[in-house]
1. What does the highest-first list of 199-212, 10-23, 234-247 look like by mean Cβ count within 10 Å?
2. Can you divide the C-alpha Rg of segment 5-256 by 2.2 N^0.38 Å and report the result to two decimal places?
3. Could you work out the relative contact order of the chain? I mean the mean sequence separation of Cα pairs under 8 Å and 6+ apart, divided by the number of residues, in percent.
4. So for each of 157-166, 101-110 I average, over its residues, the number of other beta carbons within 10 Å; can you give me the resulting order with the highest mean first?
5. Where the centre of each part is set by its Cα atoms, how far does segment 83-119 sit from segment 49-76, in angstrom?
6. Suppose R0 equals 51 Å. What FRET efficiency, 1/(1 + (r/R0)^6) with r the Cβ-Cβ distance, do residue 143 and residue 22 give to the nearest 0.05?
7. Kindly provide the helix-only [θ] at 222 nm of the chain, computed as the sum of -39,500 (n - 2.57) over DSSP H runs of four or more divided by all residues, to the nearest 500 deg cm²/dmol?
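Bear in mind these aren't lab numbers, they're just calculated from the coordinates by the rules spelled out. Computed from a predicted model, the values in this text were never measured in an experiment. We place every Cβ from the backbone using ideal geometry, glycine too, and count neighbours over all the protein chains shown.
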């Protein structure tokens, strides 16, 4: 039985997909991945993400400033983000990828938090959900989200925190992104969390070309791998595969207001 999927997080504006869009989308569609949301990481990528969403029916865009390259983000970048969001592009469906990251050296966390705050305000102003990055910052991020109380909420992508941290995000109205981490048997904590969370809080994602699945280490990740993430999720959860697949679709449509 073939299921329908939406990859809610794929950096399709990067290689190996750049200049290979038609073939890459065909490969994804062959595995049931019918739609892909493409988050940007900096203002220099906004135009390309918007162009991709205009050019390909399967692609939707998200615009945001990623914390991992915090030194690149200036006040002008935030102005550019505001200008882009004000244009109300039909297929720009979120503000993202935004968030906090304490993994890198010299994370400049105060600057990260200021850029995050500005973007959460823009998401609220333009009534858009957010696609959130969080590494070693779940509790701090939850504090910011609680304070801003976005009406459209969003998704914490690539989640690998504790069950209690996931439940806190869900309690604030946020979804949890399920990605390739669960395909690694050693990721027992994340696998247990995804098995226990409410099904109506989960979204499917790849983070391609990053986060390769178990057995594919050293290769660029690809959106069609969402189907394998789904297979692993089905092994972890009690519900029938068709119920899980439909819930993932419904959750994605609801959060991003997709008419697909």
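1. Working: 199-212: 22.0, 10-23: 16.6, 234-247: 14.9.
By packing density, highest mean first, the sequence is 199-212, 10-23, 234-247.
2. Values: Rg = 16.8 Å, N = 252, 2.2 N^0.38 = 18.0 Å.
My calculation over the Cα atoms of segment 5-256 gives 0.93.
3. Values: 507 pairs, mean separation 51.0, N = 260.
Relative contact order comes out at 20 percent.
4. Details: 157-166: 19.7, 101-110: 12.2.
In descending order of packing, they fall as 157-166, 101-110.
5. 10
6. Details: r = 43 Å, r/R0 = 0.85.
So the FRET efficiency works out to roughly 0.70.
7. Counting only the DSSP helices, I get -12500 deg cm²/dmol.
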